[in-house]
1. Give me the mean projected area, in nm² to one decimal, of the convex hull enclosing the Cα positions of the chain.
2. Provide the per-residue ³J(HN,Hα) series for the stretch 54-64, in order, calculated from phi with Karplus coefficients 6.51, -1.76, 1.60 and θ = phi - 60°, each as a whole number of Hz, with x at glycine and proline positions.
3. By a straight-distance test (C-alpha under 21 Å), which lysines pair with Lys136 as possible cross-link partners, with residues fewer than eight away in the same chain excluded?
4. Could you let me know the centre-to-centre spacing of the stretch 125-154 and the stretch 182-207, using Cα atoms, in angstrom?
5. Could you give the Stokes-Einstein D for the stretch 49-151 in µm² per second, using the C-alpha Kirkwood radius, 25 °C, 0.890 mPa s?
6. How much FRET efficiency would the formula 1/(1 + (r/R0)^6) give for Ser24 and Thr102, where r is the Cβ-Cβ distance and R0 is 22 Å, rounded to 0.05?
7. Assuming a viscosity of 0.692 mPa s and a temperature of 37 °C, what translational diffusion coefficient in µm² per second does Stokes-Einstein assign to the stretch 96-142, Rh being the Kirkwood radius over Cα pairs?
8. Quick one: compute the contact order of the stretch 131-178, relative version, from alpha carbon pairs under 8 angstrom and 6+ residues apart, as a percent.
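The values are calculated or read from the model by the stated rules, or taken from the named source; none is laboratory data. Note that the structure is a prediction, hence the values are computed from the model and not measured. When we count neighbours, we look across all protein chains shown, and the Cβ atoms used for this are built from the backbone with ideal geometry, even at glycine. Only protein heavy atoms, including side chains, enter the accessible area calculation; ligands, DNA and RNA are left aside. Shrake-Rupley method; radii C 1.70, N 1.55, O 1.52, S 1.80 Å.
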Amino acid sequence: TPTPDPELPEGIPDRAAFLRWEVSQKELWLGQQFEAQLYLFVNRRLDLRSNVSLGDINLEGFWVQDRGQRGRTSRRVVHMGGESFTRMELQHYQLFATRSGTLSLPEVSAEFRIGRGFGNRQSIDRSVPAEPITVKPLPTQGRPKQFGGAVGKVTLQLNTDRSRIDVGEGVQLTVVTRIEGQIRKVPEVQLPEMPDFKVHPPTSDVNEAKQGSKVIGSRRQSWLL
């Protein structure tokens, strides 16, 4: 890790290359999802001459959805403090804090080679300091008894496969629960007493998918009535 240069512009720890965590939020509620991306910045006057070897990334305290890395395909030129850098995404995570308090994205080290012109290569290592994240506990006032810790926008959709039936015929009732967050934290829907129907045991199907910058969870429950 280079010694800090007092003459460096603010926000640039090294003129040649450096790592940086970038997060969508630094203060959030327990269970609220956010994005964390680890970037490598290389001065435009230099070339990256090798793959980047990352050290251990310990994300203890977070439930992790790894969104992979785009590497060289994510290159973007940025300007800071009179210098131009090529920014490359090394890691991309969707994270959910599993406990409240002050958590941290860890310090991470990386090794790679840079050079200028033909045949001029230099092996260097860089590290990024830990990034603190403040996680607020969820309020207890007004909390439902069955609350499982789900945080995010929730919608319910109900439909039947027909609107008219004869006595003795069945109808399929389907309820879809959707959340911008962790569906496993949302309790299953329980039907109320339905004395006019015989209710068969439900089937249940759970799915999680990435949509834009969010993880979307859904649960489809179906009953034959």
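1. On the way: hull surface 70.8 nm².
Value for the chain: 17.7 nm².
2. Each residue's phi maps through the Karplus curve to give 9, x, 5, 10, 9, 9, 4, x, 10, 8, 10 Hz.
3. Lys26, Lys145, Lys153, Lys185, Lys214
4. Each part's Cα centre sits 27 Å from the other's.
5. Working: Rh = 17.1 Å.
Answer from the Stokes-Einstein relation: 143 µm²/s.
6. Efficiency for this residue pair is about 0.80.
7. Using the Kirkwood radius from Cα pairs, D works out to 230 µm²/s.
8. 33 percent
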